[in-house]
Amino acid sequence: MFEDLDELYQEVIREHSSHPRNFRALPAPARAVDGHNPLCGDQVRLFVEMDGERVKDVGFTGQGCAISRASASMMTDAIKGKSRAEVREAFGAFHEMVTTGHCDEGKMGKLAVFSGVHKFPVRVKCAMLAWHAALSAIEGGAPEVTTESPGDEGPKP
Ligand code: ZN
């Protein structure tokens, strides 16, 4: 399905998709945000518990394609312990990477496995879904997000 992706990257994505990290619901007072990608059918419910400005704990449930599951899994690992500002910054860097392919590997770390996704525009939404939900959760935004909402990350004309 992702023949053009680097083999090592494919392997990491498969592994996270089969054994997602932080795949669990969190009890209140964690905030839950539902994310939906109608193009692919991916659904994620993302839970974030904040401790002041920091992400204390994060988890997710739901179902979707390999890219959406692996992305949610690695995103939750990436943002745990981060401040709101750091999560916003990571969101921006990840978004840039999956839409343009530009990747600062030193900064992206393991998330670099998604750098090849820009070659598959329809998959960008799969990769971004959990990030949209996470951003809404930490910023106290809408309890439901969709990849088809305004400001979504379709390929640039
Ligand atoms: Zn998908």
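The values are calculated or read from the model by the stated rules, or taken from the named source; none is laboratory data. What you see is a predicted model; the values in this text were computed from it and never measured. Methodologically, a virtual Cβ is constructed for each residue, glycine included, from the backbone with ideal geometry; neighbour enumeration extends over all protein chains shown. Protein only, heavy atoms only, side chains kept; ligands, DNA and RNA dropped before computing areas. Shrake-Rupley method; radii C 1.70, N 1.55, O 1.52, S 1.80 Å.
Quick notes on this structure:
- For residue 68, the test of being open to solvent by less than 60 Å² (accessible area, probe 1.4 Å) and within 16 Å of the ligand (Cβ to nearest atom) is passed.
- Qualifying residue in region 9-21 (condition: in contact with an Asp or Glu (Cβ under 6 Å, 6 or more places away or on another chain) and under 19 Å from residue 112 (Cα atoms)): yes
- Checked against the criteria, residue 77 does not count as over 25 Å from residue 26 (Cα atoms), open to solvent by 30 Å² or more (accessible area, probe 1.4 Å) and more than 13 Å from the ligand (Cβ to nearest atom).
- Residue ID - most open to solvent (accessible area, probe 1.4 Å), chosen from residues in region 42-63 that are in contact (Cβ under 8 Å) with a residue 60 or more places away in the chain, within 10 Å of residue 32 (Cβ to Cβ) and away from the ligand (no atom under 16 Å from the Cβ): 47
- Set side by side, the residues 46, 39, 26 differ, and just one is of a type in the set (A, V, I, L, M) and farther than 24 Å from residue 113 by Cβ, which is 26.
- Taking the listed residues 48, 44, the one that is assigned to a strand (DSSP E or B) and in contact with a Lys or Arg (Cβ under 6 Å, 6 or more places away or on another chain) is 48, with no other qualifying.
- Taken over region 23-41, the criterion of being in a loop (DSSP other than H, G, I, E, B), surrounded by fewer than 19 Cβ atoms within 10 Å (Cβ to Cβ) and touching a strand residue (DSSP E or B) at 6+ places or on another chain (Cβ under 6 Å) is satisfied by 24, 25, 30.
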